[in-house]
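What follows is calculated from the coordinates using simple rules that are stated; it is not laboratory data. Quick caveat: nothing in here was measured; it's all calculated off a predicted structure. Glycine also receives a Cβ, built like all others from the backbone with ideal geometry; neighbour counts cover every protein chain displayed.
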Amino acid sequence: MRAMRPFILGAAALLTACASTSTVRPVSGAKFETVCIERNADVYVEDLLPAIEDAFRRNGIATRVFDTSPAPCPYRVTYAASRRWDLKPFMSDARISLYHDRELVGEATYALPSGVFGGGGINPDKWRGASFKIDPILDKMLASLKSPG
């Protein structure tokens, strides 16, 4: 059993290093029907923008995507994300921020650990799509907006 201890500890450390981290600043006290999402041409995660739109719609909020800010849009969403590569590209981190006028009112972040195997370790979930990664954190960010029932 003693001979197995280094292997068990090493495997546990490797698996622990594979977990993603997230932070959420929930939206509170605001009720709104539409958000304008500012398209980020620097993000090369193709399914991220559709996943953000779907998350807001699922939480009862219509979306409009823009390249230059439309005038009458008090609620604005910005996002950023990075990709890494391990056999194929995958989204390694994302930040989605919600502003009312110029004030930050909600934010959700997702991050895989850096390091072994391109980041994300041996966890096969690192290759899953953006929805799998951001749906839980955006639902948490927008939870106070859901109608009861």
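Based on the Cβ-Cβ distance from residue 84 to residue 62, what FRET efficiency comes out when R0 is 30 Å, to the nearest 0.05?
0.35
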Hey, quick one: spin label on residue 34, modelled 7 Å out along Cα-Cβ, who in region 45-69 has an amide N within reach, i.e. under 11 Å? 62-65
Hey, what does the equivalent ellipsoid look like for region 22-145, semi-axes from the Cα gyration tensor as sqrt of 5 times each eigenvalue, largest first, whole Å? 27, 15, 12
Check each of the chymotrypsin sites (Phe, Trp or Tyr not before Pro) in region 55-108 and keep only those in coil by DSSP with at most 15 other C-beta atoms within 10 angstrom; list them in order. none
Within region 22-145, how many Lys pairs that are eight or more residues apart, or on different chains, come under 24 Å at the alpha-carbon? 4
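So if R0 is 22 Å, what FRET efficiency would residue 21 and residue 46 give, r being the distance between their Cβ atoms, rounded to the nearest 0.05?
Numbers: r = 23 Å, r/R0 = 1.06.
After rounding, the FRET efficiency stands at 0.40.
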